[in-house]
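Single-structure report; data block below.
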Amino acid sequence: MTTPAPALGQAPAEGTAAAAPVDSRAPIDVAVGVLRRTDGALLFAQRPEGKPYAGWWEFPGGKVEAGESVDEALSRELHEELGIVVEQSEPLEVVEFSYPHARVRLHFLAVSRWRGELSSREGQAFSWQQPAAVAVGPLLPASVPVIERLAAGTA
């Protein structure tokens, strides 16, 4: 009898083998902003040329620098990328994911209030999308389970 693979974003059932080998690289902490408008739409940013996964879509954010908290990193990154000031955010979930170029620990924060008009300060494209009908792609794999939970109302 074959045990089915776990659903995207879920751990394998007890007693089953994980789909991928354990990644021994130290994770890089990343602050990820999930900006949601009052109509429920989420903000996605397209990764610029010169970065891994250029052209793929993700939630905006970036690496947590030494001595910085996740909240401080999120505020800095969203100001640098979007030109906004985060006024209110709260932890949503933390996801570890191994990409070929790095192992990351993604700290997703729901950003419910910000000040300023969004502007593309790093030349990337932006798009507001409803979580149940995301039409941009491809999406970074680590974000997909989070988007699915947001669409289902479980995140």
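The values are calculated or read from the model by the stated rules, or taken from the named source; none is laboratory data. Here the structure is a predicted model, which means the values were calculated and not measured. Reconstructed Cβ throughout: ideal geometry from the backbone, glycine too, with neighbour counts over all protein chains shown. Surface accessibility is based on the protein's heavy atoms, side chains included, excluding ligands, DNA and RNA. Shrake-Rupley method; radii C 1.70, N 1.55, O 1.52, S 1.80 Å.
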Ranking THR38, THR154 from most to least accessible area with a 1.4 Å probe gives THR38, THR154
Listed residues PRO141, PRO21, PRO91; largest mean-square fluctuation, Gaussian network over the chain with Cα springs below 10 Å, found at PRO21
Measure of exposure for ILE28: accessible area at 1.4 Å probe, Å² rounded to 10, is 60
Quick calc, GLU87 & TYR53: beta-carbon distance into FRET formula, R0 30 Å, rounding 0.05, result 0.50
Rounded to the nearest 10 Å², the accessible area of VAL134 using a 1.4 Å probe with every protein chain kept is 40
GNM on the chain, Cα springs under 10 Å; top mean-square fluctuation among VAL30, VAL111, VAL144 goes to VAL144
Counting only protein heavy atoms and rolling a 1.4 Å probe, one gets per residue an accessible area for the chain in Å² of 57
Extension length gain for SER69 and TYR99 (0.36 nm per residue less Cα distance), in nm, is 8.5 nm
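With +1 assigned to the C-beta of every Lys and Arg and -1 to the C-beta of every Asp and Glu, and no other charges, what is the dipole magnitude of the chain about the Cα centre in debye, to the nearest 20?
Details: 13 positive and 20 negative charges, 55 e Å.
I would put it at about 260 debye.
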Connecting every pair of Cα atoms under 10 Å apart in the chain and solving the GNM, the largest mean-square fluctuation among ASP29, ASP39, ASP71 falls on ASP39
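How many percent of the accessible area of segment 25-72 is carbon or sulfur, using a 1.4 Å probe? Before the final figure, lay out the partial values.
Numbers: 1230 of 2380 Å².
Carbon with sulfur: 52 percent of the solvent-accessible area.
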What helix-only [θ] at 222 nm does the chain give? Using -39500 (n - 2.57) per DSSP H run of at least 4, over all residues, to the nearest 500, the answer is -4500 deg cm²/dmol
The helix 70-82 Cα axis meets the longest alpha-carbon principal axis of the chain at an angle in degrees, between 0 and 90 and rounded to 10, of 60
So, with points 7 Å from each Cα along the Cβ direction, the ASP29-ALA135 label distance in nm works out to 3.8
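Looking at the chain, what % of its DSSP beta bridges pair antiparallel, to the nearest 5? Walk me through the numbers before you get to the answer.
Details: 22 of 31 bridges.
Approximately 70 percent, going by the DSSP bridge assignments.
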The chain: relative contact order from alpha carbon pairs under 8 Å, six or more residues apart, as a whole percent, is 27
